[in-house]
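This report refers to the structure that appears directly beneath it.
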Amino acid sequence: MQTPTSPGQTEAENTPALRRLLSGSVGRNLGLVLALLVIIVVGAVTSSNFLNFDNALVILRQASIIGVISVGMTFVIIAGGIDLSVGAVLALASVVGSLSAIQDIASSSHWIVTVVVALLVGVGAGLINGVVIAYGKVAAFMATLAMMVGARGLAEILANNRTLVISDRDFVRAMNIDILGVDILIWIFVVVAVAGWFLLNRTTFGRRTVAIGGNPEAARLAGIKVKRHTMWLYALVGLTAGIAAVMLMGRTTAGTSTHGNLYELDAIAAVVVGGTLLVGGRGTITGTVFGVLIFATLSNVFVQNNLTSSAQAVAKGVIIVVAVLLQQRFAVGRVKRSRPQPIGHDVPSA
């Protein structure tokens, strides 16, 4: 006796393979590639200095710091959360790492002390966010908003509203070297992106992150410790904020409470444009990297053509709205395809 085939199975089998491929992550990333190519063509046509190796390095260097934060943000948003505090945490990490006491210890031992302290501040702030959200059951928006205000205020207090200059020349030199002609900041971004891709796609940590974003209750019933995992997700994004703080400290040779202003919005925008659903359950590191590159390249095109920052903001806003509208259309289509059929639907009578 032949087993009845559900309408969803029949529809999937009748869908051409190319269409199924393009409707998945490959198709979404192809769209991002095409969008990036369009921006590159516009830049090449409007500016004679756009298509050269040095300018490409400038774009990648500008994308690197936001890119590192965006990798961590991708994990949190895939899990259905949000983090508005990454910019403020970056500022706090840069200030603590630049304090005279920390610099004295680094000078008498090794500049790596500055790096470790900044990373610990980022992870610590992320853990606080995670504990408040997961175990305190505070909405992620409110918890990270409180951290954003608190971390920025603490950074101002510690720095006494001043810019703390980094005197450790070994640290500054290490953060400004070129490897194979490419800036160290770009290499850091590449390493973080590759590590993030591996963590999301090749480990149980990544699979659990996607499961929690898709359905937290189902993930809990499947044996995933949702609260603990959520806590570590925010620690992860805090770690990326700490890494970004080290990068910014090395480039500016200073720590200040004004570092990272509005970086959280840039990171969220890059993640959303990269195809990660704001409601959670789907996202890719590859898409996030393309999202970061799209915004960095667009900003470079505007700078090359002497256009105002206001025009850049308008263009970014349009791109974000279009990306969210496309996400909503995808989400509606996914709900319709996954809606269960009534019992007995299309089942042959005996």
task: Mind listing whichever residues of region 277-294 are farther than 17 Å from P216 by Cα and outside any helix (DSSP H, G or I)?
output: T284
field: Breaking point among (1) within 23 Å of the chain's Cα centre (by Cα); (2) surrounded by fewer than 22 Cβ atoms within 10 Å (Cβ to Cβ), for G136
entry: (1)
task: Go through (1) free of Cβ contacts under 8 Å to residues at least 60 places away in the same chain; (2) open to solvent by less than 50 Å² (accessible area, probe 1.4 Å); (3) not in a helix (DSSP H, G or I) one by one and return the number of the condition A143 breaks.
output: (3)
message: So, in region 157-170, exactly how many residues are in contact with a strand residue (DSSP E or B) (Cβ under 6 Å, 6 or more places away or on another chain) and either open to solvent by 70 Å² or more (accessible area, probe 1.4 Å) or polar (S, T, N, Q) (or both)?
response: 2
field: Residue tally, condition at pLDDT 90 or above and farther than 18 Å from F50 by Cα, over region 293-316
entry: 0
Filtered residues of region 90-133 (kept if buried (at least 16 other Cβ atoms within 10 Å of the Cβ) and not in a helix (DSSP H, G or I)): L99, W111
query: Taking the condition free of Cβ contacts under 8 Å to residues at least 60 places away in the same chain and not in a helix (DSSP H, G or I), does G80 pass?
result: no
message: Pull out all pairs, ordered by first then second residue, where Cβ-Cβ is under 7 Å, the residues are six or more apart or on different chains, the first lies in region 39-68 and is farther than 11 Å from T297 by Cα, and the second is assigned to a helix (DSSP H, G or I) and charged (D, E, K, R).
response: I66/D266
task: Those residues that are part of a helix (DSSP H, G or I) and over 19 Å from the mean Cα position of the chain (by Cα), I need them from region 295-312; list them, please.
output: N300, V301, F302, V303, Q304, S309, S310, A311, Q312
field: For G153: the one exception among (1) of a type in the set (G, A, S); (2) open to solvent by 30 Å² or more (accessible area, probe 1.4 Å); (3) without any contact (Cβ under 8 Å) to a residue 24 or more places away in the chain
entry: (2)
message: in a helix (DSSP H, G or I) and either at pLDDT below 90 or open to solvent by 50 Å² or more (accessible area, probe 1.4 Å) (or both): is that true of L34 in this structure?
response: yes
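The values are calculated or read from the model by the stated rules, or taken from the named source; none is laboratory data. Computed from a predicted model, the values in this text were never measured in an experiment. Quick reminder, even Gly has a Cβ in these numbers, built from the backbone with ideal geometry, and neighbours come from all protein chains shown. What goes into the accessible areas is simple: the full protein's heavy atoms, side chains included, and nothing from ligands, DNA or RNA. Shrake-Rupley method; radii C 1.70, N 1.55, O 1.52, S 1.80 Å.
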